[in-house]
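The values are calculated or read from the model by the stated rules, or taken from the named source; none is laboratory data. Because the structure is predicted, anything quoted here is derived from the model rather than measured. For neighbour counting, all protein chains shown are included, and Cβ atoms are generated from backbone atoms with ideal geometry for every residue, glycine included. Surface accessibility is based on the protein's heavy atoms, side chains included, excluding ligands, DNA and RNA. Shrake-Rupley method; radii C 1.70, N 1.55, O 1.52, S 1.80 Å.
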Amino acid sequence: MSRVTLFAIPLVLVVACPAFAQQTPTKVNDTSVSSPSENSAVAPKPFSSLSPREASEMRADILMARKEYFDAAGLYMQILVNEPKNALLMNKVGVAYQQLGDLDRSERFYKRAMHTDKKFASAANNCGTVEYEKKHYTRAISLYGKALDLHADMPTVYSNLGYAYFADKQYPQAMDSFQKALALDPTIFDRRGLGGTVVQQRTATDPGLFYYFVAKTYAQAGDAERAAHYLKLARDDGYAGFLSAQTDTAFAKVIKDPALQEVLHEPPSYASSTKKLMQN
């Protein structure tokens, strides 16, 4: 994946991992959300009972899970030759190319999917993540808004919208979007698990400040454990403003929790101190 100069926060694959997973620079896709054209899908069938066409798509899905994105894209496109109006397949090709870092090609497939199925919220979201990676934050915000107009209960899209507002320094709007994401999925920021067709953005231009915003969001929701976890990340990343949590009204519900107090009064981690020394 081509990289802009952004700090990468965990991207995820395949199965859910424990909460508060290690922050590692990788790329993430979230679970898929069906468009109206997908709603007729039935429970997965045993591989032996699949038609040749169904088996081909399953093989491509397996290749995606194995991060063999180029081969997966090729299989999806072979199926598209006979199904040129299949928006879901177009979207899957777009995800594969986005994972390969070919943003322009992935965007073309997302737009084809949006044109073919005008109610396909996932494709609109994914197109927004491409604009975000290109630092076109206003366009990204617009596309995320379009996705939410089509499908209003997608926590991944609210999270993506929050990232875009955050990057655009529209902090109140970012907080509002993050709160809506958490209301739908309390584990949205620490859940790991790729496996679908909705790309989840996981990059922030100012990681320390971003962690503080996430801590505030969890604090307002009354989740002291996660608020403390992200406040610690903000502190250890060198964000000096983490101490303002002591007077920030967003933390009022949880500020007396021992986990928060420990973060506020213990010294930063060794890793954080080393990072600061290397930067000086």
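What the table below lists for this structure:
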read-out	value
Yes/no for residue 149 being of a type outside the set (A, V, I, L, M, F, W, C) and open to solvent by 60 Å² or more (accessible area, probe 1.4 Å)	yes
Lone unmet requirement of (1) in a helix (DSSP H, G or I); (2) more than 26 Å from residue 205 (Cα to Cα); (3) touching a residue at least 60 places away in the same chain (Cβ under 8 Å); (4) touching a Leu at 6+ places or on another chain (Cβ under 9 Å) for residue 122	(2)
Residue, modelled with the highest pLDDT, within segment 198-243, restricted to residues that are open to solvent by 10 Å² or more (accessible area, probe 1.4 Å) and under 29 Å from residue 69 (Cβ atoms)	207
Of all residues making up segment 56-81, the number that are closer than 16 Å to residue 106 by Cα, in a helix (DSSP H, G or I) and acidic (Asp, Glu)	1
Residue 215 vs. criteria free of Cβ contacts under 8 Å to residues at least 60 places away in the same chain, out of contact with any Cys (no Cβ under 6 Å at 6 or more places or on another chain) and either of a type in the set (Gly, Ala, Ser) or closer than 19 Å to residue 101 by Cα (or both)	yes
Tally of residues being within 16 Å of residue 112 (Cα to Cα) and among the basic types (Lys, Arg) across segment 64-85	1
Qualifying residues in segment 87-101 (those that are out of contact with any Phe, Trp or Tyr (no Cβ under 7 Å at 6 or more places or on another chain) and within 13 Å of residue 129 (Cα to Cα)) - the one surrounded by the fewest Cβ atoms within 10 Å (Cβ to Cβ)	101
